[in-house]
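Following: one structure in structure tokens, then a few remarks.
Please treat every number below as a calculation from the coordinates, not as lab data. Quick caveat, the model's predicted, so the values are computed rather than measured. FYI the Cβ positions are ideal-geometry reconstructions off the backbone, even for glycines, and counts take in every protein chain you see.
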Amino acid sequence: LNEGQILPDQPDIKIINRQINGYVGFANLPKQWHRKSIKNGFSLNLLCVGKGGIGKTTLINSLFNENFDIKDNNNIIPEKPLDLANEDEHGNETDEGLHSNVKIETITKTIEENGVRLKLTVVDAPGFGDAIDNTNAWEPIIKEINSRYDQYLDSENKINRNLNDDNRIHACLYFIEPTAHWLKQIDLEFCSMIHEKCNLIPVIAKSDILTDEEIIRFKERINKQFVERNIQTFKPPVYKLDDKETIDVANKLYESLPYAVVGSNDFVTDPTNPEKTIRGREYPWGIIEVENESQSDFILLRDLLIKQYLEELHERTNNVLYENYRSEKLINLGIKQDNSVFKEFDPNMRQEEEKKLHEAKLAKLEAEMKNVFQLKVSEKEKKLQKSETELFARHKEMKDKLTKQLKALEEKKHQLEMSIQSQAQSSPAQPKKKGFLR
Ligand code: GTP
């Protein structure tokens, strides 16, 4: 800024540049920042969502030059062919495979480049979009994002705060099938649920199977559908003080969304230099180079995610997305806060807020415990009632049985008496025998 120039955001403030006589030292601040960053390293928690086999692992491996095969790390659900998906091993019908069964799997690796460390966590959602009925397939994923926010909120409220371990999701790569058609219901449903929870970066997977024209048309359709549904993808921020080049890059990165990407786990001979190998896909008709800008948007994705806007992804997660979640949560707990003004930090207010949060938590816990207690008591009562009725039933049954037996015995006795009587009547009285000799 030149002397006297007006700062764009604050029209009333004039900037006055002054040359300092002598050395103060704050010109070294960027160096301090640099040293601190090298020491602490960087982190990125990346959520990858898309159908099984759409190319998630391959793209992550290509982006970070690593092997992120989640199947090596975790248990993988064996896939059944679709037509057998709702039959068990005996051929009986089950509803497995019919309804979505989305799991959450996580893999973390620290990777290093030129002495700079990046702790990368990839969160995968196997099972997403693989069922016949995918209603609410987004639910376990949103739950996972919320629980990570809750965990952060909890650690913020602890006396010994450890906010360095930030498990919040910083970006979501959503993999769109390369159909060159329109987005499906499941895509729109997921994107509209996720875009206010984390930075959404949609990609068209395996775009090497589409022609350039198909890609252009497909992107237009997708963006039209996003506008209709009011779905917002991550927009690299531009600041008024940015130079033209930075603004152009940011605009290009935003306008090229969704990125048509290609991934590969293989290295092939560089067509322009037989001495070199490059990441690519070899087909009978030629080679697709993953990092060739004229062949895919892979480089744009890498620029946005890592090279240019990693910090902005963190900042938006913290300042906008998490802040919205946090205030909504506090409001639900009955704590009001004013987001429209950035107030000065007031320790008393903070303490009051923490106290309220703590009390609200305790009250919630107490209510939950009461609920559990009541549930247990009513379960016990039900059990007692059940055994009482069973006991009554058994008693009645035994009584009935005994009455029946008594009746039968009385009947028998009566018949016996009758038969004795009739015998006595039919045979006249015999003279008494007095031995063999008369
Ligand atoms: P799950 O782990 O089962 O969810 O699969 P995934 O989404 O991680 O897919 P993965 O990366 O394992 O790729 C599945 C298959 O697609 C592999 O044979 C890959 O070689 C292939 N593939 C991956 N990326 C591309 C791509 O950009 N283009 C083409 N044509 N094939 C790809």
Non-local residues with an amide H under 5 Å from the amide H of Asp270, with H modelled 1.01 Å from N and Pro and chain starts lacking one, are Lys276, Thr277, Ile278
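Among Leu384, Leu188, Leu333, what is the fewest-to-most ranking by other Cβ atoms within 10 Å?
Numbers: Leu384 10, Leu188 17, Leu333 14.
Ordered by Cβ neighbours within 10 Å, fewest first: Leu384, Leu333, Leu188.
Can you compute the FRET efficiency between Lys307 and Lys143 using 1/(1 + (r/R0)^6), with r the Cβ-Cβ distance and R0 = 30 Å? Round to the nearest 0.05. Mind showing how you got there, number by number?
Details: r = 32 Å, r/R0 = 1.06.
Efficiency, rounded to the nearest 0.05: 0.40.
Can you compute the FRET efficiency between Ser294 and Val238 using 1/(1 + (r/R0)^6), with r the Cβ-Cβ distance and R0 = 22 Å? Round to the nearest 0.05.
Numbers: r = 26 Å, r/R0 = 1.18.
Efficiency, from the Cβ-Cβ distance: 0.25.
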Give me the extension gain from Asp400 to Leu362: residue separation times 0.36 nm, minus the current Cα-Cα distance, reported in nm with one decimal.
8.1 nm
For the pair Glu417/Trp285, report the inter-label distance in nm, with labels modelled 7 Å from Cα in the Cβ direction.
10.9
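How would you rank Tyr283, Tyr309, going from fewest to most other Cβ atoms within 10 Å of each one's own Cβ? Each step should come with its number before you reach the end.
Details: Tyr283 9, Tyr309 23.
Fewest to most other Cβ atoms nearby, the residues stand as Tyr283, Tyr309.
With a Förster radius of 30 Å, plug the Cβ-Cβ distance of Asp270 and Ile247 into 1/(1 + (r/R0)^6) and report the FRET value to the nearest 0.05.
Given R0 = 30 Å and the Cβ-Cβ separation, E is 0.35.
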Loop-located GluC sites (Glu not before Pro) in segment 236-325 whose Cβ has at most 10 other Cβ within 10 Å (DSSP):
Glu293
Across segment 299-308, in residue order, what do the Karplus-derived ³J(HN,Hα) couplings come to in whole Hz, using 6.51 cos²θ - 1.76 cosθ + 1.60 with θ = phi - 60° and x for Gly and Pro?
5, 4, 4, 5, 4, 5, 6, 10, 5, 10
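Looking at the square roots a ≥ b ≥ c of the eigenvalues of the Cα gyration tensor of segment 176-302, which shape do they give, rounded for a/c under 1.5, prolate if a/b is larger than b/c, or oblate?
Values: a/c = 2.38, a/b = 1.40, b/c = 1.70.
Because a/c hits 1.5 or more and a/b fails to exceed b/c, segment 176-302 counts as oblate.
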Taking amide H atoms as placed 1.01 Å from N in the peptide plane, list the residues 5 or more away in sequence, or in a different chain, whose amide H sits under 5 Å from that of Ile176.
Val203, Ile204, Ala205
Give me a comma-separated list of calculated 3J(HN,Hα) values for segment 133-138, in order, Karplus coefficients 6.51, -1.76, 1.60 applied at θ = phi - 60°, integers in Hz, x for any Gly or Pro.
9, 9, 4, 6, 5, 6
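For segment 214-281, run through the trypsin sites (Lys or Arg not before Pro) and keep only the ones in DSSP coil with at most 16 other Cβ atoms within 10 Å of their Cβ.
Working: sites: Arg217, Lys219, Arg221, Lys224, Arg229, Lys240, Lys244, Lys252, Lys276, Arg279, Arg281; in loops: Arg229, Lys240.
Sparse-neighbourhood loop trypsin sites (Lys or Arg not before Pro): Arg229, Lys240.
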Residue-span extension gain [Lys109 to Glu352] - 0.36 nm each, minus C-alpha spacing
83.6 nm
For each of Leu120, Leu200, count neighbouring Cβ atoms within 10 Å of the residue's Cβ, then give the residues from fewest to most.
Leu120, Leu200
